[in-house]
Amino acid sequence: MKILNIAGYKFIALEALPTLRSLWLEECLSRHLKGTILVSPEGVNITLAGLPEHIASFKQFLREDSRFADMTFRESYSAEQPFHHMRVKLKKEIITFRRPEVRADVERAPSISPRDFKKWLDEKRDITILDTRNEYEVRFGTFDHAEHFPINDFSEFPEAAKQLQQDKPVVMFCTGGVRCEKAALHLLNQGFPEVYQLDGGILNYFAEVGGTHYHGDCFVFDHRVAVGPDLTVSGVKQCQVCEGPKVIANDSCPTCVSLT
């Protein structure tokens, strides 16, 4: 497995976005990296893949800029390059939420480490475990006893969250943590007394403690489709109809086949 995949984000107020876009695109192309970088006034969201030495070089380049020197990344390896192109995109938000009052570049909700979260699950604490991802992602795998909303886009989360009870502490999670940065703040703004986000999301949990209390795989947004708790490609394919996992040798999953 010679390709290193990294994913990381940072909420920080940014200006001169076109200049930053051009610089980063040039730096990535010069290192033969592929993937997607989102640049917005609220920060950056980076997903890249390439040879380990080229990834290391790009991370060193980032550290030379004080704004991004403290960025951390989730890492995994694959045998093949999971991206076809290298893109640096200018966006209004690095994760679309459409709630301007939620300022993840200004404040951060409390977080819980993977090891502490596992301990809470081991202890069977009376908490609400909330999966903030889209419904099709949840179908690939999720934490045992986790709740989720039937949403197809993260911007639907605030409306769906109106049904959530405030009687227990909420621990929420997503793939790599970026969605929870906004979702957790939103719940706190709505009066929830105790809300935590899983630090680094599912991928960091896999890296730190493995797959305990997690059932299935984790959907990722590239041609690997999904990774298992060992952070290697699981081999599961994606249904081209419902976007969930498929287990038969055509373009649809069993559920979608039964509807056609």
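The values are calculated or read from the model by the stated rules, or taken from the named source; none is laboratory data. These numbers come from a predicted model, not from an experiment. Counting neighbours? That spans all protein chains shown, and the Cβs are built from the backbone with ideal geometry, glycine included.
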Exercise. Mind checking which residues of region 180-214 are at positive phi and either among the charged types (D, E, K, R) or surrounded by 23 or more Cβ atoms within 10 Å (Cβ to Cβ) (or both)?
Worked result: 200, 201
Problem set entry | Residue check for residue 81: farther than 28 Å from residue 160 by Cβ, more than 17 Å from the chain's Cα centre (by Cα) and surrounded by 15 or more Cβ atoms within 10 Å (Cβ to Cβ) | yes
Exercise. What are the pairs, 6+ residues apart or on separate chains, where a residue within region 95-114 that is over 19 Å from residue 46 (Cβ atoms) has its Cβ under 6 Å from a residue that is of a type in the set (Phe, Trp, Tyr) and not in a strand (DSSP E or B)?
Worked result: 114/205
Exercise. Of all strands (runs of 3 or more DSSP E) completely enclosed by region 16-91, which ones contain at least 1 residues that are charged (D, E, K, R) and in contact with a Gly (Cβ under 7 Å, 6 or more places away or on another chain)?
Worked result: 34-40, 74-78
Problem set entry | Filtered residue count, region 166-182, keeping only those that are touching a residue at least 12 places away in the same chain (Cβ under 8 Å) and farther than 22 Å from residue 115 by Cβ | 2
For this session: Filter region 33-54 for residues that are farther than 17 Å from residue 222 by Cα and of a type outside the set (D, E, K, R) and give the result.
Result: 39, 40, 41, 43, 44, 52, 54
Problem set entry | Selection within region 223-256 - more than 22 Å from residue 151 (Cβ to Cβ) and at pLDDT 90 or above | 223, 224, 227, 228, 229, 230, 231, 232, 233, 234, 235, 237
Exercise. Which one of 143, 157, 149, 117 is over 17 Å from residue 38 (Cβ atoms), in the same structural domain as residue 193 (by TED's automatic domain parsing), hydrophobic (A, V, I, L, M, F, W, C) and out of contact with any Asp or Glu (no Cβ under 9 Å at 6 or more places or on another chain)?
Worked result: 157
For this session: Please list, ordered by first then second residue, the pairs with beta carbon atoms under 6 Å, 6 or more apart or interchain, first in region 30-59 and on the phi < 0 side of the Ramachandran plot and surrounded by 21 or more Cβ atoms within 10 Å (Cβ to Cβ), second aromatic (Phe, Trp, Tyr) and assigned to a strand (DSSP E or B).
Result: 42/11; 45/9
Problem set entry | Which numbered condition residue 96 fails, given (1) in the same structural domain as residue 46 (by TED's automatic domain parsing); (2) surrounded by 12 or more Cβ atoms within 10 Å (Cβ to Cβ); (3) in a loop (DSSP other than H, G, I, E, B) | (1)
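Tally time: how many residues in region 66-75 are over 18 Å from the mean Cα position of the chain (by Cα) and surrounded by 12 or more Cβ atoms within 10 Å (Cβ to Cβ)?
Looking only at that region, the number is 2.
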